Amino acid sequence: MGMEECVFCRIVRGEIPATVVHQDELAVAFRDVRPQAPTHVLVVPRRHVASLAETTGEDAPLLGHLLALAAELARRLGLASGYRVVVNTGPQGGQTVPHLHLHLLGGRAMAWPPG
């Protein structure tokens, strides 16, 4: 799948509507259309990266930005009692959209193991 068809790239470009909660030069964060918790936000890089498996050490600044942004959003969205950040990678890891994204989940107690 190319960037032209990627649903997250299309959201980043504004071609598909989304409830955006943050955007900056590196990332866009928006509410998941099928939330798995009372708060479920996806944090995606603007640049198309298929999965965490495709990143290298050169991507450390971007990956750090995505994690720091997830923490900032958790504070902003009132998740002081706790939250979970998940990165599904590949088909067996549960990744359904081939564009790197972090799930920020909160607003309920999280079970362990996750599944």
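Bear in mind that the values in this text are calculations on the coordinates, not laboratory data. What you are looking at is a predicted structure, and each value in this text was computed from that prediction instead of being measured. Cβ coordinates were reconstructed from backbone atoms using ideal geometry, including for glycine residues, and neighbour counts include every protein chain displayed.
Some points to look at:
- Calculated over region 7-106: convex hull of Cα atoms, volume per residue (Å³): 97
- Rounded to whole numbers, the Karplus 3J(HN,Hα) couplings from phi for region 6-23 are 4, 4, 6, 4, 5, 5, 4, 7, x, 7, 10, x, 8, 8, 7, 9, 6, 8 Hz, using 6.51 cos²θ - 1.76 cosθ + 1.60 with θ = phi - 60°, and x at Gly and Pro.
- Computed helical MRE - 222 nm, the chain, DSSP H runs ≥ 4 contributing -39500 (n - 2.57), nearest 500: -6000 deg cm²/dmol
- Environment charge at HIS99 (Cβ cut-off 11 Å; Lys +1, Arg +1, Asp -1, Glu -1): +1
- Relative contact order %, the chain, counting alpha carbon pairs below 8 Å whose residues are six or more apart: 29
- Amide H contacts for ARG46 (H built 1.01 Å from N in the peptide plane; partners 5 or more residues away or on another chain; cut-off under 5 Å): ALA27, VAL28.
- For the chain, with +1 on Lys and Arg beta carbons and -1 on Asp and Glu, the positive-most of ALA18, TRP112, ALA53 along the dipole: TRP112
- Residues SER51, SER81 in ascending order of nearby Cβ atoms (within 10 Å, fewest first): SER81, SER51.
- The angle separating the long axis of helix 60-76 from the principal Cα axis of greatest extent in the chain is about 40 degrees.
- Within the chain: Cβ-based charge dipole about Cα centre, in debye rounded to nearest 20 (Lys, Arg +1; Asp, Glu -1): 500
- Residues in region 67-84 that a label on ARG31 would reach, taking backbone N under 14 Å of a point 7 Å out along Cα→Cβ: 77-78
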